[in-house]
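Notes for the one structure printed next.
Quick note: the coordinates plus some simple rules give every number you see, no bench work behind them. What you are looking at is a predicted structure, and each value in this text was computed from that prediction instead of being measured. Virtual Cβ from ideal backbone geometry, glycine too; neighbours counted across all protein chains shown.
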């Protein structure tokens with residue numbers, strides 16, 4: 001090997017080491033996506049009330065975006081039904097479906113006026129597959 005070849009090989013090895021060190025795992029990317037999605041939701045929170053429901057905040061826990069919704073009670077739609085309808089909307093939303101398929105998850109938490117959990121509805125790829133193809 002001549003000197004130019006050695007330098008080229010050395011440069012290639014250094015570049016490979018640097019790129020490997022900078023490469024992020026799918027898990028890291030999904031966790032960052034969860035943080036960004038939570039930040040987008042929080043930038044508009046609290047949202048206007050819909051019936052007796054109001055989105056108050058979101059936070060990322062690893063690859064899960066936890067969305068906290070406050071329920072004022074006495075609404076037309078019971079909390080369980082509201083959470084299931086929201087989950088179905090997440091699973092059919094063309095913007096969100098690819099992210100869920102890649103490992104991003106959501107957790108809808110509906111709390112009563114005293115902050116007690118009423119409903120927790122997880123949304124992930126497995127859940128969406130059941131919604132899209134019930135009975136499969």
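Let me know the shape class of the range 71-110, please: from the alpha-carbon gyration tensor, a ≥ b ≥ c as square roots of the eigenvalues, rounded when a/c is under 1.5, otherwise prolate if a/b is greater than b/c, or oblate. Taking the square roots of the gyration eigenvalues as a ≥ b ≥ c, the range 71-110 is prolate. Shape class of the range 33-98 from the Cα gyration tensor (axes a ≥ b ≥ c, square roots of the eigenvalues): oblate, since a/c reaches 1.5 or more and a/b does not exceed b/c. Counting 0.36 nm for each residue step from residue 27 to residue 89 and taking away their Cα separation leaves a gain of 19.9 nm. Across the range 74-92, the residues whose backbone nitrogen lies under 17 Å from the label position 7 Å along the beta-carbon direction of residue 116 are 74-75, 79-80. If both residues of a DSSP beta bridge must be in the range 25-132, then about 70% of such bridges are antiparallel. Model label sites at residue 61 and residue 44, defined 7 Å from Cα along the beta-carbon direction, differ in position by 2.4 nm. The overall shape of the range 21-136, judged from the alpha-carbon gyration tensor, is oblate: a/c is not under 1.5, and a/b is no greater than b/c.
Projected label points at residue 130 and residue 51, each 7 Å from Cα along the beta carbon direction, are separated by 2.1 nanometres.
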